[in-house]
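For reference, the structure is listed below as structure tokens.
Only the coordinates and a few stated rules stand behind these numbers; no lab work does. This structure is a prediction, so every number in the text was calculated from the model and none was measured. Here the Cβ positions follow ideal geometry from the backbone for every residue, glycine too, while neighbour counts run over all protein chains shown.
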There are 2 protein chains.
Amino acid sequence: MILHKDVRSLFHRHGLAATHQRQVIYEMAAAPPGHASPEAIYARVRRKIPGISLATVYKNLRTFIDKGLLGQVSLHSGSLRVESNPAPHHHLVCTRCKSIVDLKEEDLEPIRFRHKLPHGFRAQRVAVDILGTCKACSTRARGPRKKMQLN
Amino acid sequence: MILHKDVRSLFHRHGLAATHQRQVIYEMAAAPPGHASPEAIYARVRRKIPGISLATVYKNLRTFIDKGLLGQVSLHSGSLRVESNPAPHHHLVCTRCKSIVDLKEEDLEPIRFRHKLPHGFRAQRVAVDILGTCKACSTRARGPRKKMQLN
DNA sequence: CTAGATGCAAACAGTTTGCGTCACT
DNA sequence: AGTGACGCAAACTGTTTGCATCTAG
């Protein structure tokens, strides 16, 4: 559970004004079970602040993500990406330009669970994303990111 | 490299008419380096069939995905999902309802590379998705999938 | 007092759909 | 010949932006 006071100081540390809206948006975005969508967060926030604007929710989520206060479940939420590699494989994903490169399954030691999975979940396959920066992006170091690769 | 003939029989095996457009769309979608976006595929196809419609590309990509001829890089490409869990962790992802549950990092044996990563890629962290069906979705077995969870 | 936040509406990007016409089987 | 595919435009969903107003610091 997150305390209002913590959120306020968190915002201040990141140079963000601690408005009421922003606090509630953050709390609802961080609330369990997590992984909420903007619409879901908007719905939750509206229960507390009926007059809130959806645009405000989006603006704040973007701010939180940019400042690292929230993470995104998938870097590829914008647009569909399709693949035909029928062999099981993993991905090297560049957090900067979003490019994807395949990694053969045998390039990783087999993934092993230490404990039973939550009851009732039937695992079918394991997909590993190795997140980092690709060669091009680490070369053109910290500069403003160029256009992203869509292949 | 994919041969026209193979593609035709692949389509026939799945009960799909082997139109010229469909063949080119499939070839361009499957072409290296893979992971192409619909727009990118559209651009490639247009070089061969200038009059192609973007809707046709989308319709076919959806068909290919539904029939399992192509895979999607991320199941969450539709909408943003946000998360606040600051500890490193992994995900159990239901391929049916798209729900996500966290798995503590220690629940998996550490991920180990067998070989060096491609030159120049700087790995920062590893995100594992365990794909399968959640309890609710395996219970309400093969029926038509209900509304998806957005949290 | 001022930079930055909010709310609204309009603009955008990505994707899907309806429908008339055309083509594979 | 008939079912399904194509092309076009319109509809939709998810997200961003411009601008006037308001508020935290």
Mean-square fluctuation maximum in Gaussian network of chain B, Cα pairs under 10 Å, restricted to B:Gln72, B:Gln21, B:Gln124, hits B:Gln124
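Normalising by the residue count of chain B, find the relative contact order in percent from Cα pairs under 8 Å and 6+ residues apart.
17 percent
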Using the charge dipole of the protein assembly as shown (Lys, Arg: +1 at Cβ; Asp, Glu: -1 at Cβ; taken about the Cα centre), state which of B:Ala40, B:Val128, A:Val73 has its Cα farthest towards the positive end.
B:Ala40
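For region A:17-62, what does the alpha-carbon gyration tensor say about shape, rounded, prolate or oblate, given a ≥ b ≥ c as the root eigenvalues, a/c under 1.5 as rounded, and a/b over b/c as prolate?
rounded
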Please identify the cysteines of chain B that lack any partner cysteine with a Cβ under 4.7 Å from their own Cβ.
B:Cys97, B:Cys137
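With both partners inside region B:1-134, how many of the DSSP beta bridges are antiparallel, as a percent to the nearest 5? Could the numbers behind the result be given before it?
Working: 5 of 9 bridges.
Approximately 55 percent, going by the DSSP bridge assignments.
Run lengths n ≥ 4 of DSSP H only: what is the helix-derived mean residue ellipticity at 222 nm for the protein assembly as shown, with -39500 (n - 2.57) per run over all residues, to the nearest 500?
On the way: 10 runs with 102 residues, N = 302.
That comes out to -10000 deg cm²/dmol.
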Connecting every pair of Cα atoms under 10 Å apart in chain B and solving the GNM, the largest mean-square fluctuation among B:Val126, B:Val57, B:Val24 falls on B:Val126
Which distances, shortest first and in nm, link A:His20 to the matching position in the other copies, using label points set 7 Å out along Cα to C-beta?
6.5
Taking the 0 to 90 degree range and rounding to the nearest ten, how far is the long axis of helix A:38-48 tilted relative to the main principal axis of chain A, both from C-alpha atoms?
20 degrees
What's log10 of I(q)/I(0) for the protein assembly as shown at q = 0.08 Å⁻¹, Debye sum over Cα points only, no solvent?
-0.42
Tilt of helix B:20-30 relative to the longest C-alpha principal axis of chain B, in degrees (0 to 90, nearest 10)?
30 degrees
Length released on extending from B:Arg8 to B:Leu131, taking residue separation times 0.36 nm less the Cα-Cα span
41.2 nm
Please label the shape of region A:1-105 as rounded, prolate or oblate, based on the square roots a ≥ b ≥ c of the eigenvalues of the alpha-carbon gyration tensor (a/c under 1.5 means rounded; beyond that, a/b larger than b/c means prolate, else oblate).
prolate
Of A:Glu105, A:Glu83, A:Glu27, which has the largest mean-square fluctuation in a 10 Å C-alpha GNM of chain A?
A:Glu83
